[in-house]
1. Only one of (1) open to solvent by 10 Å² or more (accessible area, probe 1.4 Å); (2) of a type outside the set (S, T, N, Q); (3) closer than 25 Å to Ala166 by Cα is not met by Ile61, so which one is it?
2. Counting only residues that are under 20 Å from Thr30 (Cβ atoms), touching a residue at least 12 places away in the same chain (Cβ under 8 Å) and not aromatic (Phe, Trp, Tyr), how many does the range 61-74 have?
3. Can you tell me how many residues within the range 231-243 are open to solvent by 70 Å² or more (accessible area, probe 1.4 Å) and either β-branched (Val, Ile, Thr) or out of contact with any helix residue (DSSP H, G or I) (no Cβ under 7 Å at 6 or more places or on another chain) (or both)?
4. Considering the range 91-108 alone, what residues qualify as being crowded, with 20+ Cβ neighbours inside 10 Å and more than 15 Å from the chain's Cα centre (by Cα)?
5. Any residue in the range 75-104 that is under 18 Å from Ser36 (Cα atoms) and polar (S, T, N, Q) sitting within a Cβ distance under 9 Å of a residue that is open to solvent by 30 Å² or more (accessible area, probe 1.4 Å) and in a loop (DSSP other than H, G, I, E, B)? List the pairs, counting only those 6 or more apart or interchain.
6. State which residue is nearest to Ser25 (Cα to Cα) when the search covers only the range 167-184 and only residues that are surrounded by 13 or more Cβ atoms within 10 Å (Cβ to Cβ) and in contact (Cβ under 8 Å) with a residue 40 or more places away in the chain.
7. Mind checking which residues of the range 231-247 are outside any helix (DSSP H, G or I) and free of Cβ contacts under 8 Å to residues at least 60 places away in the same chain?
8. Just one of Leu138, Leu119 is farther than 21 Å from Leu39 by Cβ, surrounded by 14 or more Cβ atoms within 10 Å (Cβ to Cβ) and not small (Gly, Ala, Ser); which is it?
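The values are calculated or read from the model by the stated rules, or taken from the named source; none is laboratory data. The model shown is predicted, which means the values in this text are computed figures rather than measured ones. When we count neighbours, we look across all protein chains shown, and the Cβ atoms used for this are built from the backbone with ideal geometry, even at glycine. Heavy atoms of the whole protein, side chains included, go into the accessibility calculation; ligands, DNA and RNA do not. Shrake-Rupley method; radii C 1.70, N 1.55, O 1.52, S 1.80 Å.
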Amino acid sequence: MRRQVASFRRAEHPRNPFIMAKYQSYVICTSPRSGSTLLCKLLAATRISGNPNSYFHNPSIQDWARSLDLSLDQDIAERDVLDAVFDAVRARGTDHTGIFGLRVQRKSFDFLIQKMNVLHPGLNSDAERFEAAFGHTLFIYLTRCNKLEQAISFVKATQTGLWHKAPDGTELERVSSPKEPVYDADEIARHLANFIALDDDWKNWFASEKIDPFRISYDALSADPANELARLLEALELDPEAAKGINPGVGKLADSTNRNWQARFLAETGDAQ
């Protein structure tokens, strides 16, 4: 028998139990190297704003289930598998705080929407599907204005294998053995074009869904994480005071190599965007 999808109860306002919270969930819409790991760690550290992560990172139901440590019978229907996956995601992304957090990258977004349509057929829009799955949702648009810096950061991380480090320099995420970065103008140009296209995809989706997202820039977030966190908490109608004393969980990877590559690329092409 197919299990029922979890229903959403309107969460109480954190400062007044007689007021219902405006949002039950938020979705960080972004692309790689835009500061989303920093933002997710900041939100989780408040202990009042969910535990956002890329729970649907790869376009594969099997990968989703494995990452959630779900052991599922291969003979059960796709819709039942999706029920189990979304139940587990809601639990992890809420983490007993009363609000669900999710980070979504464009590369797997279309696949996610397809599967949400399996769970919630007959709805008229993607926004309605998100609300059916996660309750009333605030969409957050986290973007990096300087796409050349973003492309260089991505190429360098891919080459070196190091994607994130702590403020003290300790490695947080390494996907391959250490290697020295090598300037590659073609790769930088390819990813520059890709990041511009990903941003256009988000903008077009917001427009088609008639969504006015809450906007955060990489520059503002990296320059003043506490202020951007407080702004977002206030938008979610959570206590912005929870941002005080929260330290960034990741440090910047950009160094002289990034700056040298940017100067060289601009000198060779004269095109930053």
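1. Going through the list (1) open to solvent by 10 Å² or more (accessible area, probe 1.4 Å); (2) of a type outside the set (S, T, N, Q); (3) closer than 25 Å to Ala166 by Cα, Ile61 breaks only (3).
2. Number of matching residues: 1.
3. Here is the first cut: in the range 231-243, the residues open to solvent by 70 Å² or more (accessible area, probe 1.4 Å) are 231, 234, 241.
From what's left, either β-branched (Val, Ile, Thr) or out of contact with any helix residue (DSSP H, G or I) (no Cβ under 7 Å at 6 or more places or on another chain) (or both): 231, 241.
So the answer is 2.
4. Within the range 91-108, Ile99 is the sole residue that qualifies.
5. Thr94/Asn51
6. Across the range 167-184, the extreme among qualifying residues is Leu172.
7. Step one: of the range 231-247, the residues outside any helix (DSSP H, G or I) are 236-239, 244-247.
Correct list: Lys244, Gly245.
8. Values: Leu138 fails: farther than 21 Å from Leu39 by Cβ.
Every option except Leu119 fails the conditions.
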